[in-house]
Each structure stands twice: as structure tokens, then as C-alpha cells.
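Visitor: Below is one structure. I have some questions about it.
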Amino acid sequence: MKTTQYVARQPDEKGFIDYPESEHQVWNTLITRQLKVIEGRACQEYLDGIEQLRLPHERIPQLDEINRVLQASTGWRVARVPALIPFQTFFELLASQQFPVATFIRTQEELDYLQEPDIFHEIFGHCPLLTNPWFAEFTHTYGKLGLAASKEERVYLARLYWMTIEFGLLDTPQGRRIYGGGILSSPKETVYSLSDAPEHLPFDPLEAMRTPYRIDILQPVYFVLPELKRLFELAHQDIMALVHRAMQLGLHAPKFPPKAAA
Ligand SMILES: [Fe+2]
């Protein structure tokens, strides 16, 4: 398993997590900057979620605050986890409508570039759309399928997750927008993903599952949904049949250079 320099903070007996002031400052820097960058770039459903969550700017929110909003909208909640969790735990949580949040925040030195999902990524990136019933339904279904899947099947499911929940784009009457939380929590990728530099492909779950990715680079290709409701429809299709088809067909050649040996 991968290692991390980060340690998730523990709550006191009342469930309150006491972050040091320097960490609230990092949150403040990140949210202030990112709220500007997503203007005209994030999809409306995400912005609706941002409005519902009313995230504080000057401090890291407590998980209870997020839960109150998610519970009232879609019945989801966030679950406090250590920095890195096994796939099994990840799927167990999603299958019970709990989204994992590691209670640590990146350091000032890693403001722009972080491979490990911190509390800013999880809350700012993912929680707004968890207020949306279509997105919530897809994520829930995904968790249940992942829980029942074999190790090999999970690898294909992981690519589907990556190309939707993390790095998905969406066509809207106003133009192309972002819904993927991996993009929306990164200022650089928020701008880059909608530029002419990467390739945009119409969303096809089979193709998404067959597309390799690297977690440490800007994505060379993004899949574009015709509308967010497409995820809800997908949740009611036979996703595992698509996984098996993708396993038969195999992976596409990567559109990025191999990772340099460490
Ligand atoms: Fe994520």
C-alpha cells in the first residue's frame, strides 16, 4: 500500500476536530481562489450544491455541518477516514451512502499539486454534487457494484469512476461545463480541462473503462456527458455487463508517456 506524509486529525469526544490556525488558512486560500476559478466553468448542479452547503471560507468545516445538508437533500453523509483507505472500505462506504473524507489538509507547499485526496478535495470537489439525486444515485450504485466485484472487475470500475466522478465534463445549454470533483478542486485542471489542449470525447462507459489514466498528470482525455441525468440512466443499466465487455476488449493504448521510474 502507498504511504503518506499526512495524518488525519482525530475528533474530540464531542466529534469536533480542532485544526490549527495554519490549516484553516490553507482552506481559506484554496476556497477563495477556487470559487473564482469555477465561475462559468462548473455545471449548474454543482453550483446549486455549493449554494446549499454554504461552506465557510475562513475555516475548515466540521463534517457534521456537511452531513446536515447532505442528509436533507439525498440522504448521504460523509465518513471520517484515515488518509488512505483500502478499496474494500471505499466500496463499503459508498454502498451505504457514505462518502469518505480524510480529515487532513494539504500543506502550504503542496497547495497546487497533491496526489492524496485531502479534505478540500473531498468536500469542495465532491460534496456539492452529492446533493444532486442523479449523481448521488450513480455513486450509490457504483459502491454496491464495487462491493460485489472481483479484484479484476474493480480495476475497470475504477476507470469508470475516474472518468466520471473525478474527471467528468458535461454539455449544458450554456456550454461545456465541469462536474468531476478531481477537476473542480484543482485550479490548474479547471482551466486546462475546458481548453483546446486535451481531447474531449462523447461519454461512453465502455470506452471510459478501457481508457488508462495516470493520477499524477493533467488528463490527456476527458469524457463529456450529454447531461447529468445520463449518470442516473447509467446507474440503471447493466454496468457489470459493460465491465465484462471491457475486460474482453482490453485497454486502449495510453495517451500519455509512461511514468518515469522513481
Ligand atoms: Fe476524489
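The values are calculated or read from the model by the stated rules, or taken from the named source; none is laboratory data. Being a predicted model, the structure only gives us computed values, none of them experimental. Neighbour counts are summed over all protein chains in view; Cβ atoms, including those assigned to glycine, are modelled from backbone coordinates with ideal geometry. Calculation scope for accessible area: heavy atoms of the full protein, side chains included, ligands and nucleic acids excluded. Shrake-Rupley method; radii C 1.70, N 1.55, O 1.52, S 1.80 Å.
Visitor: When both residues are 6+ apart or on different chains and their Cβ atoms are under 8 Å apart, which pairs have a first residue that lies in region 179-196 and is away from the ligand (no atom under 15 Å from the Cβ), and a second that is charged (D, E, K, R) and in a loop (DSSP other than H, G, I, E, B)?
Guide: Pro187/Asp112; Lys188/Asp112; Val191/Arg41; Leu194/Arg41
Visitor: Which residues, taken from region 100-128, are over 17 Å from Arg59 (Cβ atoms), in contact (Cβ under 8 Å) with a residue 24 or more places away in the chain, touching a Phe, Trp or Tyr at 6+ places or on another chain (Cβ under 9 Å) and within 11 Å of the ligand (Cβ to nearest atom)?
Guide: Ala102, Glu116, His126 - these are the residues of region 100-128 that are over 17 Å from Arg59 (Cβ atoms), in contact (Cβ under 8 Å) with a residue 24 or more places away in the chain, touching a Phe, Trp or Tyr at 6+ places or on another chain (Cβ under 9 Å) and within 11 Å of the ligand (Cβ to nearest atom).
Visitor: Considering only residues of region 217-243 that are assigned to a loop (DSSP other than H, G, I, E, B) and among the acidic types (Asp, Glu), which is farthest from the chain's Cα centre (by Cα)?
Guide: Looking at the filtered set, the residue picked out is Asp238.
Visitor: Scan region 23-64 for residues that are free of Cβ contacts under 8 Å to residues at least 12 places away in the same chain and acidic (Asp, Glu) and jot them down.
Guide: Result: Glu39, Glu51.
Visitor: With respect to Thr211, determine if the residue is over 18 Å from the mean Cα position of the chain (by Cα) and away from the ligand (no atom under 16 Å from the Cβ).
Guide: no
Visitor: Here is a check on your reading of the model: is Ala208 aliphatic (A, V, I, L, M), over 24 Å from Arg177 (Cβ atoms) and buried (at least 19 other Cβ atoms within 10 Å of the Cβ)?
Guide: It is false that Ala208 is aliphatic (A, V, I, L, M), over 24 Å from Arg177 (Cβ atoms) and buried (at least 19 other Cβ atoms within 10 Å of the Cβ).
Visitor: Which number in (1) buried (at least 18 other Cβ atoms within 10 Å of the Cβ); (2) part of a loop (DSSP other than H, G, I, E, B) marks the one condition that Ala246 misses?
Guide: With (1) buried (at least 18 other Cβ atoms within 10 Å of the Cβ); (2) part of a loop (DSSP other than H, G, I, E, B) applied to Ala246, the lone miss is (2).
Visitor: With the condition being open to solvent by 10 Å² or more (accessible area, probe 1.4 Å) and within 27 Å of Pro220 (Cβ to Cβ), I'd like the strands (runs of 3 or more DSSP E) fully within region 89-205 carrying at least 2 qualifying residues.
Guide: The strands (runs of 3 or more DSSP E) meeting that bar are 169-172, 175-178, 199-202.
Visitor: Restricted to region 48-71, and to residues that are open to solvent by 50 Å² or more (accessible area, probe 1.4 Å) and not acidic (Asp, Glu), which residue is nearest to Tyr192 (Cα to Cα)?
Guide: Only one residue tops the list, namely His57.
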